[in-house]
Structures are given as C-alpha cells and as structure tokens.
Amino acid sequence: MADQEHEWILRLGDDALVLAQRLSEWCSHGPALEEDIALSNIALDLLGQARALLTLAGQREGLGRDEDALAYFRTDREFRNALLVELPNGDFGDTIVRQMLFDQFAVLRYEALASQTVDLELAAIAAKALKEVRYHAAHSAQWVVRLGDGTEESHRRVQESLNMLWPYTAELFEDDAVSKACNEAGVLPLNASFTARWTEQVRAILEEATLTCPESTALLTGGRSGRHTEHLSYMLAEMQVLQRTYPGAEW
Amino acid sequence: MTQEMDLNQRFEAYIASDQKIEAKDWMPDAYRKTLIRQISQHAHSEIIGMQPEGNWITRAPSLKRKSILLAKVQDEAGHGLYLYSAAETLGISRDEMLNALHTGKSKYSSIFNYPTLAWADIGAIGWLVDGAAIMNQVPLCKCSYGPYARAMVRVCKEESFHQRQGFEIMLNLSNGKPEQKEMAQDALNRWWWPSLMMFGPNDASSKHSEQNMRWKIKRFSNDELRQRFVDMTVPQAELLGLTVPDPDLNWNEATGHYDFGPINWSEFEQVVAGNGPCNRERIETRVTAHENGAWVRDAAAAYAAKSAERAASQTSAA
Ligand SMILES: [Fe+2]
Ligand SMILES: [Fe+2]
C-alpha cells in the first residue's frame with residue numbers, strides 16, 4: 001500500500017502543479033485586469049496544493065525527495081497528471097472550459113479525501129484545498145455560462161472548446177491498481193464513483209450556458225501512467241531549466 | 001473678483017492647510033489634468049511592469065519562489081486596478097486610459113523597457129526597482145488628492161514586501177555558487193543606472209516640479225529622492241558583497257551622502273522616446289492581450305445585459 005499511496009498522492013499533486021503552471025502563463029495576457037488577477041489567484045491556490053501534496057508524496061516515498069526534487073527532477077514520463085491539465089491554454093474559452101471540467105472533478109475528489117479518516121494528513125490538505133476549489137468551481141462555471149450565453153461568437157467559440165476538451169475528461173474517472181488499492185484502504189472511493197455526480201453537475205452548467213454536451217465517447221488517456229501529450233515535455237523543459245542547469249544550487 | 005478666482009484661491013488655501021481634495025470638490029483644470037496624467041501613467045507602469053517579471057514565473061527555480069513571484073506580480077495587477085479606479089474619480093474611464101497606453105499617447109515607467117535576462121533580474125527588480133518605487137511613492141501617501149493618497153497607502157504596504165523578496169533573492173544568489181553570484185552582479189550592473197533614472201530628470205531640467213510641489217502632488221524633488229535611494233542602497237549592495245557599477249561612487253564625509261557619477265540622460269531620452277530594448281514588445285503584448293480579450297469582454301457585457309433584462313421582465317411579471 002505504501003507504494004501505491006505515494007503514487008496516488010503524486011497524481012493529485014501533479015494535477016495541481018501542471019494546471020498551476022499553465023494558468024500562470026496567463027499572467028499579463030488576460031482579457032481584463034480583473035481576470036488576470038483571478039487566474040493568478042487560482043494558479044496560486046493550485047500551486048499551494050501542489051507543494052503540500054508533493055511534500056507529502058515525498059515523505060511517504062521515503063527517498064528524501066522534497067517538493068522541488070519532485071517538481072524539477074522528474075521527466076515527463078514520471079509525471080502522473082491527467083492529460084487534460086497539461087493541454088496548452090488556447091484562448092480564454094479553452095482555458096475556462098478546461099478549468100470548469102477539472103474544478104467539478106476536483107471538488108468531488110477533495111470532498112471525499114477531506115471526509116475520510118484513514119489518512120489524516122491527506123485529509124487536512126484536502127480540507128484546505130476543498131475551500132479553494134469550490135471557489136474555483138464557482139468562478140469557472142460562471143464564466144462558462146457567461147461565454148455560452150453571451151454573444152454568438154462567444155457561444156460558438158466555447159462550444160468548440162468543449163468539443164475539443166471533452167475526450168480528455170474520461171481519463172479522470174479511470175481506475176487502475178493504484179486507485180483500487182486506495183479504495184480498499186478506505187482513502188478514496190474509485191474514480192468511477194464520481195462519474196454520475198460530475199456528469200450531472202457539468203450538464204447543469206452546460207444547460208444554463210445553452211451549450212450542447214458532446215456525445216463523443218473518445219477516450220484520450222495515458223497521463224496516470226506517464227504517457228503524456230507532446231506538450232508536457234516542453235512545459236517541463238521551461239519549468240525545470242534553472243534547476244537542471246545549476247544542479248545542487250540553492251535559490 | 002470673478003467666481004473662478006475666488007474658487008482658485010479657496011482651493012489653494014485648502015491645500016496649503018493640508019486638507020484633502022476629494023473627487024466631488026472643485027479643482028482647477030490643470031490640477032485635474034496633472035493628476036490624470038500622473039495616476040494613469042502610474043497605473044500603466046504597474047501593469048506593464050507585470051511583463052518583465054511575469055517573464056520568469058514559469059521558470060522560477062523553486063516552487064516557493066514561483067509562488068512568491070506569482071503573488072508579487074498579482075499584487076502589481078492589483079495596484080494597477082486601484083490606480084485606474086483612483087484616476088476614474090477624476091472623470092476619465094479605464095477604456096480611455098488603456099487606449100492612450102495602447103496608442104502610445106500615455107507613457108509608463110521607462111524601466112520596464114529593459115529585458116529580464118536572468119533569474120537574478122527578478123531579485124534586482126524587487127530590490128532596486130521596487131525600492132526606488134517606494135522612495136517615490138511613500139510621499140504620495142500624503143498627496144493632496146484623497147483617492148490617490150489612499151490608493152498609495154495600500155500600494156506602499158505591498159511594495160515593501162516586494163522589495164524584501166527581491167533583496168532576499170539577491171542575498172541567496174550572492175551567497176550561492178560562483179555562477180549565481182556572477183548572475184547577481186550582472187543583474188546589478190544592468191539595473192543600477194536605469195533604477196537611478198526612475199526618479200526622473202535632474203531638478204534643473206524637470207518640467208512640472210514647482211507647481212506640483214505647491215499642489216502637494218509632489219513633496220520632494222527628483223534629485224532629493226534619488227540621493228536618498230543611493231544612500232539607502234549602497235550599504236545594501238555592500239552587504240550583498242556586490243559592486244555598484246559606478247567608479248565615481250564615493251562616501252562624502254562633508255555632505256553625509258554618497259557622491260555618484262553622471263547619469264546617461266541620452267540613454268534615458270532614447271528609452272522614453274520608444275527606442276529602448278523592449279518598448280515595442282511591451283506594448284505589443286498589451287495590445288494583443290486586449291484584442292484577444294475583446295470577445296470575452298463583449299460576451300460578459302452581453303450576458304450581463306441579458307440577465308438584467310430577464311430580472312426586469314420577472315419583476316414586471318410579478
Ligand atoms: Fe506596484
Ligand atoms: Fe511592486
């Protein structure tokens with residue numbers, strides 16, 4: 001279980017870290033100053049979650065790796081995030097739809113983690129994160145509604161974003177040996193168990209946004225086992241450049 | 001005596017007795033224009049300043065540094081927001097101000113037209129540029145225009161945190177590996193003189209000074225503030241073990257100040273005129289972000305209008 005647990009926490013931490021890195025790319029490029037601030041806020045929250053989770057993952061692993069060792073000295077094949085969060089930002093519509101799809105999942109996952117009593121350290125991190133992601137979820141849902149029910153152009157654009165991103169959502173609900181072990185240990189229900197509520201909530205948002213829920217059953221997956229899109233390696237090259245150029249330096 | 005003269009006299013007397021002018025108070029046109037120019041330039045500087053620093057967020061060398069830098073750049077966006085709001089109280093809209101920035105009619109601090117070439121530049125900017133900004137801005141907390149003064153109180157609180165984090169980055173690098181110390185020295189070499197230029201032209205050639213002093217928009221001269229900055233910063237450079245790139249720098253026992261070498265004002269004028277290393281990129285980035293965001297702002301406005309309409313028809317139906 002110890003191995004699986006460390007692996008499981010890495011997945012949570014990498015989801016948060018990779019999405020934070022993507023959102024931080026928006027800095028100075030937002031559609032309005034207020035939204036620049038909001039996206040940085042969300043990125044900061046996610047980065048805080050990532051730091052806590054990676055620190056815990058490193059402790060559980062027991063090899064002396066801290067948050068920075070895990071963030072800066074793993075290759076893309078060793079990252080465990082879902083593909084959805086590593087996709088390039090695209091336009092604001094792509095970013096906000098990705099955020100909504102992820103936030104709705106993150107809330108459910110943190111709710112479950114915060115209420116279990118098997119792993120109290122993880123529960124404490126989840127309880128703090130839950131407050132944050134609930135706010136993120138409200139923010140992204142509100143924007144999806146505004147864009148979907150805004151102008152003709154915004155409706156068209158955001159529907160395209162949704163169609164493009166939808167095939168990446170099924171990966172969130174996949175289970176494997178790691179998630180099954182976590183479920184048996186009582187830390188977290190199976191990912192599949194979140195599907196119904198997630199679908200219900202996302203459909204409600206899309207309906208209010210006057211958007212059509214894609215029918216696609218395509219399944220783009222691989223992140224949890226380290227098979228990523230072409231984009232992640234570039235992201236990491238940028239993120240890791242200083243640590244890799246000056247190994248052993250303190251910053 | 002005309003009514004205008006009467007108002008003017010009362011206005012000047014009011015300011016002379018250290019009272020605050022508020023948005024609804026009568027004020028001379030020139031006072032209003034000067035403030036709009038100054039506050040909007042200040043706001044533009046905050047948001048253009050996000051770019052050179054934002055340049056290193058994705059490459060910050062630890063997650064802690066990344067988080068501090070992201071928070072700092074976010075603060076600068078917040079400063080821009082408070083300042084645009086303060087300027088709006090004078091009867092100009094944010095759109096008008098942004099338009100003036102995008103078309104080059106309105107300026108921003110020239111310092112942000114220099115590139116951030118290394119991580120150490122993030123340290124140097126926090127230490128020197130935020131440090132110089134504090135020198136300039138603390139007196140503005142007592143500016144005669146109330147909304148500006150109050151915005152500056154909030155801004156200054158955060159600026160001192162910015163300066164500390166910058167100094168801490170420099171300290172870390174200076175105590176680090178030889179390559180890191182070299183990186184810190186190189187950043188100081190590149191940012192020192194532009195930081196001194198941030199205080200503006202020498203007093204002898206400064207255009208707006210005298211009236212702004214009387215109106216209590218400005219309380220100290222450019223040269224006074226520059227001297228204070230040098231006096232404060234040189235000992236800090238010594239503490240870091242770095243060399244200030246000025247062969248003429250010398251402690252003057254008689255004056256109790258540091259003497260320093262002549263500033264290259266032709267470089268300053270070049271950068272102000274738009275020929276600095278990054279002028280074009282900074283504005284282009286800003287304009288592109290604004291243009292790419294147009295459909296989003298339009299959608300938000302359309303949605304707000306629809307929602308208001310729905311709410312109204314619900315009330316009238318009820
Ligand atoms: Fe600022
Ligand atoms: Fe600052």
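Criterion applied to B:Q51, B:Q38 was being modelled with pLDDT of 95 or more, more than 18 Å from B:I283 (Cα to Cα) and polar (S, T, N, Q), and the one residue passing it is B:Q38. The number of residues in segment A:149-174 that are within 14 Å of chain B (Cβ to nearest Cβ) and either of a type outside the set (D, E, K, R) or outside any helix (DSSP H, G or I) (or both) comes to 8. Annotation: of all residues in segment B:145-166 being surrounded by fewer than 24 Cβ atoms within 10 Å (Cβ to Cβ) and farther than 20 Å from B:M50 by Cβ, the one that is nearest to ligand 1 (Cβ to nearest atom) is B:V153. Scanning segment A:209-251 for residues that are in contact with a Pro (Cβ under 7 Å, 6 or more places away or on another chain) and part of a loop (DSSP other than H, G, I, E, B), we see that the one that is farthest from the other protein chains (Cβ to nearest Cβ) is A:L219. For segment B:65-72, indicate whether the set of residues that are within 11 Å of chain A (Cβ to nearest Cβ) and within 13 Å of ligand 1 (Cβ to nearest atom) is non-empty. Scanning segment B:65-72 turns up at least one residue that is within 11 Å of chain A (Cβ to nearest Cβ) and within 13 Å of ligand 1 (Cβ to nearest atom). Of all residues in segment A:15-67, those satisfying the criterion of being β-branched (V, I, T) and more than 7 Å from every other protein chain (Cβ to nearest Cβ) are A:V18, A:I42, A:T55.
Per the listing B:I92, B:I134, the residue uniquely away from ligand 1 (no atom under 16 Å from the Cβ) and open to solvent by 30 Å² or more (accessible area, probe 1.4 Å) is B:I92. Where residues in segment B:257-296 are surrounded by fewer than 17 Cβ atoms within 10 Å (Cβ to Cβ) and within 14 Å of another protein chain (Cβ to nearest Cβ), which of them is farthest from B:S110 (Cα to Cα)? The extreme case among them is B:A294. Might you let me know whether segment B:294-313 holds any residue that is of a type outside the set (K, R) and in contact with a strand residue (DSSP E or B) (Cβ under 6 Å, 6 or more places away or on another chain)? No, every residue in segment B:294-313 fails to be of a type outside the set (K, R) and in contact with a strand residue (DSSP E or B) (Cβ under 6 Å, 6 or more places away or on another chain). When segment B:139-179 is limited to residues that are within 15 Å of ligand 2 (Cβ to nearest atom) and within 17 Å of B:E238 (Cα to Cα), the one that is farthest from the other protein chains (Cβ to nearest Cβ) turns out to be B:Q163.
If only residues of segment B:5-59 that are of a type in the set (D, E, K, R) and surrounded by 15 or more Cβ atoms within 10 Å (Cβ to Cβ) are counted, the one that is farthest from ligand 1 (Cβ to nearest atom) is B:R32.
Let's see how each residue does on (1) part of a helix (DSSP H, G or I); (2) over 27 Å from B:Q165 (Cβ atoms); (3) without any contact (Cβ under 8 Å) to a residue 12 or more places away in the chain:
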| site | (1), (2), (3) |
| --- | --- |
| B:L188 | yes, no, no |
| B:W192 | yes, no, no |
| B:A204 | yes, yes, yes |
| B:Q211 | yes, yes, no |
| B:I217 | no, yes, no |
| B:D223 | yes, yes, no |
| B:R228 | yes, no, no |
| B:P235 | yes, no, yes |
| B:T255 | no, yes, yes |
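Against the list (1) within 23 Å of B:I21 (Cβ to Cβ); (2) modelled with pLDDT under 95; (3) buried (at least 17 other Cβ atoms within 10 Å of the Cβ), the condition B:P201 fails is (1). Once segment A:219-249 is narrowed to residues that are more than 20 Å from the chain's Cα centre (by Cα) and in contact (Cβ under 8 Å) with a residue 24 or more places away in the chain, the residue that is nearest to B:G176 (Cα to Cα) is A:Q243. Please determine, by comparing only the residues of segment B:1-38 that are of a type in the set (D, E, K, R) and part of a helix (DSSP H, G or I), which one is nearest to B:R214 (Cα to Cα). So, considering only residues that are of a type in the set (D, E, K, R) and part of a helix (DSSP H, G or I), the one nearest to B:R214 (Cα to Cα) is B:E12. Go through segment A:177-190 and count every residue that is in contact (Cβ under 8 Å) with a residue 40 or more places away in the chain and in a helix (DSSP H, G or I). Qualifying residue count, segment A:177-190: 6.
To keep it simple, each residue is scored yes or no on (1) open to solvent by 70 Å² or more (accessible area, probe 1.4 Å); (2) acidic (D, E); (3) over 27 Å from B:Y148 (Cβ atoms); (4) at pLDDT 95 or above.
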{"site": "B:E168", "(1), (2), (3), (4)": "yes, yes, yes, yes"}
{"site": "B:L196", "(1), (2), (3), (4)": "no, no, no, yes"}
{"site": "B:E210", "(1), (2), (3), (4)": "yes, yes, no, no"}
{"site": "B:P235", "(1), (2), (3), (4)": "no, no, yes, yes"}
{"site": "B:A254", "(1), (2), (3), (4)": "yes, no, yes, yes"}
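When you scan segment A:70-86, do you find a residue that is open to solvent by 40 Å² or more (accessible area, probe 1.4 Å), over 18 Å from the mean Cα position of the chain (by Cα), farther than 20 Å from B:L63 by Cβ and more than 13 Å from chain B (Cβ to nearest Cβ), even just one? So far as segment A:70-86 goes, no, none of its residues is open to solvent by 40 Å² or more (accessible area, probe 1.4 Å), over 18 Å from the mean Cα position of the chain (by Cα), farther than 20 Å from B:L63 by Cβ and more than 13 Å from chain B (Cβ to nearest Cβ). Cβ-Cβ distances below 6 Å connect the following pairs, each with a first residue in segment B:129-142 that is within 22 Å of B:I48 (Cβ to Cβ), a second residue that is outside any helix (DSSP H, G or I), and a separation of six or more residues or different chains: B:A132/B:M198. Close contacts from segment B:75-94, counting a first residue that is under 22 Å from B:K33 (Cβ atoms) and a second that is away from ligand 1 (no atom under 13 Å from the Cβ) and basic (K, R), with Cβ to Cβ under 6 Å and a gap of 6+ residues or different chains, come to B:Y84/B:R94; B:L90/B:R32.
The values are calculated or read from the model by the stated rules, or taken from the named source; none is laboratory data. Since the structure is predicted, the reported quantities are computational estimates derived from the model, not experimental observations. Ideal geometry is used to build each Cβ from the backbone, glycine not excepted, and the neighbour counts take in all protein chains shown. Ligands, DNA and RNA are excluded from the accessible area calculation, which covers all protein heavy atoms including side chains. Shrake-Rupley method; radii C 1.70, N 1.55, O 1.52, S 1.80 Å.
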